[in-house]
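K.L.:
Supplied in structure tokens, the structure appears directly below.
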Amino acid sequence: MSWDPYATLGVGRSASADDIRKAYRKLAKELHPDVRPDDKASAERFKRVTAAFTLLSDADKRARFDRGEIDADGNEQPVFQPGGAGFGGFGGFAGGRARASAGRPDAFEDLFDGLFGRGGGGARGYGAQRGEDVRYRMEVDFLDAINGGRRRVTMSDGRSLDLAIPAGLKSGQTLRLKGQGLPGLGGGPAGDALVEVTIGSHPQFRREENDIRMELKISLAEALEGGRAPVATPSGMVQLTIPPGSNSGDVLKLRGKGVQVKPTPGDLLVRLIVMLPRKEDPELREFVRNWAGKAAEITR
């Protein structure tokens with residue numbers, strides 16, 4: 001009788017993909033040859049555990065195994081039909097042999113291997129194999145994605161790593177950590193850790209490709225006379241020159257202060273918003289009334 005990959009991992013048939021991954025990681029850490037170098041029984045069990053995970057972590061193969069179409073080693077299972085010419089109640093047995101053998105000459109022998117336990121072990125045919133990749137999700141700070149940086153992350157096995165975050169990183173991109181996945185089999189290399197990122201939002205900045213947009217509130221006096229105003233950019237404070245006669249909606253450009261990609265960083269685009277005093281100012285009101293009157297006379 002073929003072995004049961006669910007029992008090998010110690011999970012039920014309704015186990016989720018996450019349950020299967022957790023079970024495998026736990027057993028792999030206990031049984032890996034690097035942990036028990038001279039324990040042949042553990043090495044064989046490690047191979048069987050890895051084979052079980054390989055099958056059950058593949059949604060297609062798992063479904064086929066659950067339906068009885070393949071065995072735990074991935075071999076096709078012959079289809080039996082009740083009744084049939086020439087063999088009475090076992091006619092389907094001959095039919096199953098014919099169908100299977102048409103595609104694979106050793107299918108009939110595989111059937112007996114499964115029935116009588118010959119060669120049914122999960123370690124059959126395994127040499128050095130690369131370990132499985134492991135997927136993670138992580139949110140990256142907006143400014144780290146703009147300027148680049150490093151982030152300390154904790155892997156599923158408890159190890160901490162410094163993850164390099166490249167400038168210009170976008171939501172949906174995947175960072176690959178070579179060799180930080182599940183351990184290999186039979187001396188094979190470890191898999192990779194694949195980190196899918198989402199970029200956090202920022203209360204002041206908005207990204208457009210490699211440029212950054214922001215708004216800057218200025219006073220009426222600054223708009224009329226011009227001047228210099230401090231501006232917080234993604235890479236630090238700078239002084240922005242405001243031309244005389246600026247209006248709300250005007251956009252000023254700070255070159256190279258956007259996304260810090262190489263060889264040419266993006267720009268910071270500053271949209272001006274002219275703000276009137278919140279408190280009542282009789283002098284300003286009188287000035288505007290007189291100015292509006294003069295402007296009307298000029299246009300007549």
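K.L.:
Could you please give the count of residues in the range 213-237 that are crowded, with 16+ Cβ neighbours inside 10 Å, part of a strand (DSSP E or B) and either within 35 Å of the chain's Cα centre (by Cα) or free of Cβ contacts under 8 Å to residues at least 40 places away in the same chain (or both)?
P.N.:
Qualifying residue count, the range 213-237: 6.
K.L.:
Further question on the same structure: Name the pairs whose Cβ atoms lie under 6 Å apart, with the first residue in the range 127-143 and at pLDDT 85 or above and in a loop (DSSP other than H, G, I, E, B), the second of a type outside the set (Gly, Ala, Ser) and surrounded by fewer than 17 Cβ atoms within 10 Å (Cβ to Cβ), and 6 or more positions between them or separate chains?
P.N.:
From residues that are at pLDDT 85 or above and in a loop (DSSP other than H, G, I, E, B), the pairs are ARG130/PRO189; ASP133/LEU194.
K.L.:
Across the range 156-177, what is the number of residues that are modelled with pLDDT under 90 and part of a loop (DSSP other than H, G, I, E, B)?
P.N.:
4
K.L.:
Then there is this: Go through the range 128-157 and give me each residue that's under 19 Å from ALA17 (Cα atoms) and surrounded by fewer than 17 Cβ atoms within 10 Å (Cβ to Cβ).
P.N.:
Selection gives ASP133, ARG135, ARG137, MET155, SER156, ASP157.
K.L.:
Shifting gears a bit: Would you say ARG104 is surrounded by fewer than 13 Cβ atoms within 10 Å (Cβ to Cβ), modelled with pLDDT of 85 or more and not small (Gly, Ala, Ser)?
P.N.:
Working: surrounded by fewer than 13 Cβ atoms within 10 Å (Cβ to Cβ): yes; modelled with pLDDT of 85 or more: no; not small (Gly, Ala, Ser): yes.
In short, no.
K.L.:
Continuing with the same structure: Looking only at the range 19-74, which residues are in contact (Cβ under 8 Å) with a residue 24 or more places away in the chain and part of a loop (DSSP other than H, G, I, E, B)?
P.N.:
Passing the criteria: HIS32, ASP34, SER57, ASP71, ALA72, ASP73.
K.L.:
Criterion first (modelled with pLDDT of 85 or more and surrounded by 12 or more Cβ atoms within 10 Å (Cβ to Cβ)) does GLY84 satisfy it?
P.N.:
Working: modelled with pLDDT of 85 or more: no; surrounded by 12 or more Cβ atoms within 10 Å (Cβ to Cβ): yes.
Judged against the criteria, GLY84 is not a match.
K.L.:
While we're on this one: So which residues in the range 149-180 are of a type in the set (A, V, I, L, M) and in contact (Cβ under 8 Å) with a residue 60 or more places away in the chain?
P.N.:
Within the range 149-180, the first condition is being of a type in the set (A, V, I, L, M), and the residues that meet it are 153, 155, 161, 163-165, 167, 169, 175, 177.
Selection gives ALA167 alone.
K.L.:
Here is a follow-up. Please give the number of the condition GLU109 fails out of (1) modelled with pLDDT of 80 or more; (2) over 30 Å from GLY158 (Cα atoms); (3) among the charged types (D, E, K, R).
P.N.:
(1)
K.L.:
Considering the range 33-51 alone, what residues qualify as being under 14 Å from GLN129 (Cα atoms) and either under 27 Å from the mean Cα position of the chain (by Cα) or basic (Lys, Arg) (or both)?
P.N.:
Those that are under 14 Å from GLN129 (Cα atoms) and either under 27 Å from the mean Cα position of the chain (by Cα) or basic (Lys, Arg) (or both): LYS47, ARG48, VAL49, THR50, ALA51.
K.L.:
What is the number of the single condition among (1) outside any loop (DSSP other than H, G, I, E, B); (2) at positive phi that LEU284 does not meet?
P.N.:
Of everything listed in (1) outside any loop (DSSP other than H, G, I, E, B); (2) at positive phi, LEU284 misses just condition (2).
K.L.:
Being modelled with pLDDT of 90 or more, hydrophobic (A, V, I, L, M, F, W, C) and either surrounded by fewer than 10 Cβ atoms within 10 Å (Cβ to Cβ) or closer than 20 Å to SER219 by Cβ (or both) is the filter here; which residues of the range 255-288 pass it? I'd like the intermediate steps shown before the answer.
P.N.:
First pass over the range 255-288, keeping only residues modelled with pLDDT of 90 or more: 255-274.
Still in the running and hydrophobic (A, V, I, L, M, F, W, C): 259, 261, 268-270, 272-274.
VAL270, LEU272, ILE273, VAL274 - these are the residues of the range 255-288 that are modelled with pLDDT of 90 or more, hydrophobic (A, V, I, L, M, F, W, C) and either surrounded by fewer than 10 Cβ atoms within 10 Å (Cβ to Cβ) or closer than 20 Å to SER219 by Cβ (or both).
K.L.:
From the set of residues in the range 1-32 that are within 22 Å of the chain's Cα centre (by Cα) and loosely packed, with under 13 Cβ neighbours inside 10 Å, which is farthest from GLN129 (Cα to Cα)? Outline the logic, then answer.
P.N.:
Restricting attention to the range 1-32, the residues satisfying the condition of being within 22 Å of the chain's Cα centre (by Cα) are 16-25.
Pick out the ones that are also loosely packed, with under 13 Cβ neighbours inside 10 Å and you get 16-18.
Working: SER16: 25, ALA17: 21, ASP18: 22 Å.
Per the stated criteria, the residue is SER16.
K.L.:
Quick one: ILE146 ticks every box in (1) within 30 Å of MET275 (Cβ to Cβ); (2) without any contact (Cβ under 8 Å) to a residue 60 or more places away in the chain bar one, so which box is it?
P.N.:
(2)
The values are calculated or read from the model by the stated rules, or taken from the named source; none is laboratory data. Given the structure is predicted, the values throughout are model-derived calculations rather than measurements. Ideal geometry is used to build each Cβ from the backbone, glycine not excepted, and the neighbour counts take in all protein chains shown.
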